[in-house]
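The values are calculated or read from the model by the stated rules, or taken from the named source; none is laboratory data. Quick caveat: nothing in here was measured; it's all calculated off a predicted structure. Methodologically, a virtual Cβ is constructed for each residue, glycine included, from the backbone with ideal geometry; neighbour enumeration extends over all protein chains shown.
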Amino acid sequence: MPIAYNSAMKVLILFFSFFIAISWGDTIPLVKPSFDWGAGILAIYGNHYRGSNQAKLWLFPMPYFSYTSERLEANPSSIRGVLYKNERLSFKLSFMPGLRVQSKDNLARQGMNSLDYTAEVGPMVIVKMWQSRDEEFLLNFEWPLRQSFAIDFSFIKSVGFFTVPFLNLIYKPIQKNRSGQFEFSISPMFADKNYHQYFYGVDQKYSSVDRPAYSAKGGYSGFQSAILANIKSKDFAIINFFRWDVLNKAAFVESPLVKNKSYLICGFSLFWMIK
């Protein structure tokens, strides 16, 4: 079925394409491609969705992959295609997945349609703001602009537009036997009406005394803070993350589906490398 793209997304893609063409400075030297792979397990614990007062533990057996080249950066926590890069500025295409929530397992959403797996895709600009002399610490401004899609085995549909402009402090300790990267980020979040309606809207046919009809609006979507740790040696890799969102004053906070004005999700993964 055809997908109706958000008009704002088209404008933003053109905007980034223009700046890719006129960006200052020479591109950085070519990166020699590297690839590592393995297998392990991923455990995620968190609220069903932002605003839910119920939580769940997800367990996934999954492969590990890490690939870095001039044009692609990929690992289990993110996939980014590099469009342009120099020492201060880079433009990338980013991808972020979202978990499925079955309404039969959530008291606030009983009888409503389930929330499908989602995929958020779009351009991203990264500006290097500061770097320590030993290059172990780096402060970036990173701004992804993504269109979100709900995905099932039988369909794909547009959900809405979502953006998270964030400051990201990165620590890369210099080590001989293993590599590590630790990140701490903070960011306000924003989304359009369609995105908020998908998660927090209540159609009249699903309304009840305890769950009145609600039509969401776009705008501020809360404040996010996150920590990521990525450690890799010859034999194993560990990826941990912790995210905490505060939803006070969010545009959808009056929805009857919002039972908690904060959101927690954390994950732990352990992979054994295949040589």
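Every test in (1) assigned to a loop (DSSP other than H, G, I, E, B); (2) out of contact with any Gly (no Cβ under 6 Å at 6 or more places or on another chain); (3) modelled with pLDDT of 95 or more is passed by Ser185 save one, and that test is (1). Just one of the numbered conditions (1) surrounded by 14 or more Cβ atoms within 10 Å (Cβ to Cβ); (2) touching a residue at least 40 places away in the same chain (Cβ under 8 Å); (3) out of contact with any Ser or Thr (no Cβ under 7 Å at 6 or more places or on another chain) is not true of Ile239: (3). Considering Ser262, Ser233, the condition of being free of Cβ contacts under 8 Å to residues at least 60 places away in the same chain, touching a Lys or Arg at 6+ places or on another chain (Cβ under 6 Å) and more than 22 Å from Gln102 (Cβ to Cβ) is satisfied by Ser233 alone. For segment 73-124, the set of residues classified as part of a strand (DSSP E or B), among the acidic types (Asp, Glu) and at pLDDT below 90 consists of Glu73 only. Remark: pairs (first residue in segment 93-118, in contact (Cβ under 8 Å) with a residue 40 or more places away in the chain and closer than 20 Å to Pro256 by Cα; second residue aliphatic (A, V, I, L, M) and part of a loop (DSSP other than H, G, I, E, B); Cβ separation under 8 Å; 6+ apart in sequence or on different chains) = Ala108/Leu257; Arg109/Leu257. For residues that are buried (at least 18 other Cβ atoms within 10 Å of the Cβ) and polar (S, T, N, Q), scanning just segment 79-130, find the one that is farthest from Leu169 (Cα to Cα). Here the residue is Asn106.
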